[in-house]
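The values are calculated or read from the model by the stated rules, or taken from the named source; none is laboratory data. None of the values given here were measured: they were computed from a predicted structure. A quick note on method: Cβ atoms are made from the backbone with ideal geometry, for glycine too, and the neighbour counts reach across all protein chains shown.
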């Protein structure tokens with residue numbers, strides 16, 4: 001494998017595509033472990049999408065020779081302090097997308113951060129002391145998960161962004 005920065009981004013975008021294909025198969029299947037497979041592939045796709053974003057950040061930081069070129073998390077590059085220290089149009093666009101909560105990039109970052117949060121039960125006040133302390137819980141009652149279509153849309157957005165940025169980053 002070549003040791004160019006773009007190879008990692010391409011690899012992660014490809015791996016996200018594989019995970020999304022496996023997610024599609026898991027959703028269509030009726031396996032005994034189907035729900036677990038769906039969740040695993042959803043998380044794998046999200047993991048690889050975040051890795052592709054980090055790879056793209058590394059490409060930009062490497063091209064402009066930023067001191068933060070080897071940061072382990074994309075959020076460490078996608079902030080105003082880094083942008084003000086070394087302004088670039090590509091980084092400015094990524095920072096703007098990351099800071100607006102309704103954009104696909106901000107939603108990707110938020111969904112990735114949720115992977116590291118423990119599950120939390122909804123807070124309810126216990127009114128009657130005669131109610132049993134142990135209650136049955138159903139897995140189906142959870143909040144809706146990211147859909148395969150949304151993850152694929154994020155993958156396509158990231159892919160298009162990488163291609164567009166590479167055109168402007170290449171030295172002609």
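Some observations on this one:
- Unique match (being surrounded by 14 or more Cβ atoms within 10 Å (Cβ to Cβ), under 20 Å from the mean Cα position of the chain (by Cα), at pLDDT 90 or above and assigned to a loop (DSSP other than H, G, I, E, B)) among 95, 71: 71
- The residue pairs whose first member lies in region 79-102 and is in contact (Cβ under 8 Å) with a residue 60 or more places away in the chain, whose second member is in a helix (DSSP H, G or I) and surrounded by 15 or more Cβ atoms within 10 Å (Cβ to Cβ), and whose beta carbons are closer than 6 Å, counting only pairs six or more residues apart or on different chains, are 90/60; 90/165.
- Filtered by the rule that a residue be under 24 Å from residue 161 (Cβ atoms) and in contact (Cβ under 8 Å) with a residue 40 or more places away in the chain, region 12-38 gives 12, 13, 16, 17, 20, 23, 24.
- Here residue 23 qualifies as surrounded by 14 or more Cβ atoms within 10 Å (Cβ to Cβ) and closer than 21 Å to residue 157 by Cβ.
- Restricting attention to region 1-33, the residues being farther than 14 Å from residue 148 by Cβ and in a helix (DSSP H, G or I) number 11.
- Checking each residue in region 103-117 for being at pLDDT 95 or above and not in a helix (DSSP H, G or I) picks out only 103.
- When residues of region 137-172 are limited to those that are loosely packed, with under 12 Cβ neighbours inside 10 Å and outside any helix (DSSP H, G or I), the one modelled with the highest pLDDT: 170
- Among the residues of region 39-60, just one is under 13 Å from residue 154 (Cα atoms), buried (at least 20 other Cβ atoms within 10 Å of the Cβ) and free of Cβ contacts under 8 Å to residues at least 60 places away in the same chain, namely 48.
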